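Chemist: Take this structure first; my questions come after.
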């Protein structure tokens, strides 16, 4: 890694700063509990809190051009469930906010806050996420100079355009940005193909699966694999 060239950091959120699935399951349970009170017929149709997830996957096939927009997909899944249950579909907006409130109540990995404090003292940081977590609502906004989400930008990782937009937001060339994230394809390959350096946060010791088909362009970027954010901070 060309440490001296790094002028800014872009950072994934879900499964990088906190484990996402415990958060999603908690939010699904909060939504289901709310529906039991405010739309009981709909709640009865949704046998488990996770049933709504299947409805969202169906919507992706119907609206492939909005596959990146989890806000739309989940709200629409709730709306259609309310219709099927014979409840007021206008409740979907409030119901989604119940989900969203719990979705933004996260439990950070133990290395996340120290890493943010260290990195923010050295570099401007921009969040890049395909998910719907909000750094303001999560309580981490003071460590970031900006945030780009797929549902607002209209394009999801690993498309290079979302990485380039993050670099442009703080006026730094992509060649001088290090992206940090947990997903080897969405984060590491996406960042490298945009021209950034990449640090793959591989907490579970997974095998790198892209040797055969990965073709970085241009050729001066670097890829580093780390087991923790603390390890990355030591390298920087």
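The values are calculated or read from the model by the stated rules, or taken from the named source; none is laboratory data. The shown structure was predicted, so the numbers you read here are calculated from the model rather than taken from an experiment. Counting neighbours? That spans all protein chains shown, and the Cβs are built from the backbone with ideal geometry, glycine included.
Chemist: Somewhere in region 218-226, is a residue out of contact with any helix residue (DSSP H, G or I) (no Cβ under 8 Å at 6 or more places or on another chain), assigned by TED's automatic domain parsing to the domain that holds residue 7 and closer than 24 Å to residue 24 by Cα?
Modeler: Within region 218-226, none of the residues are out of contact with any helix residue (DSSP H, G or I) (no Cβ under 8 Å at 6 or more places or on another chain), assigned by TED's automatic domain parsing to the domain that holds residue 7 and closer than 24 Å to residue 24 by Cα.
Chemist: Could you count how many residues in region 92-111 are surrounded by fewer than 20 Cβ atoms within 10 Å (Cβ to Cβ) and either touching a strand residue (DSSP E or B) at 6+ places or on another chain (Cβ under 7 Å) or farther than 24 Å from residue 11 by Cα (or both)?
Modeler: 7
Chemist: Criterion first (out of contact with any strand residue (DSSP E or B) (no Cβ under 9 Å at 6 or more places or on another chain) and without any contact (Cβ under 8 Å) to a residue 40 or more places away in the chain) does residue 42 satisfy it?
Modeler: Working: out of contact with any strand residue (DSSP E or B) (no Cβ under 9 Å at 6 or more places or on another chain): yes; without any contact (Cβ under 8 Å) to a residue 40 or more places away in the chain: no.
For residue 42, the condition - out of contact with any strand residue (DSSP E or B) (no Cβ under 9 Å at 6 or more places or on another chain) and without any contact (Cβ under 8 Å) to a residue 40 or more places away in the chain - is not met.
Chemist: Would you check if there is a residue in region 197-219 being over 28 Å from residue 151 (Cβ atoms) and either at pLDDT 95 or above or in contact with a strand residue (DSSP E or B) (Cβ under 6 Å, 6 or more places away or on another chain) (or both)?
Modeler: For region 197-219, residues over 28 Å from residue 151 (Cβ atoms) and either at pLDDT 95 or above or in contact with a strand residue (DSSP E or B) (Cβ under 6 Å, 6 or more places away or on another chain) (or both): absent.
Chemist: Another one. Name, by its number, the condition in (1) crowded, with 17+ Cβ neighbours inside 10 Å; (2) modelled with pLDDT under 95 that does not hold for residue 17.
Modeler: Result: residue 17 passes all but (2).
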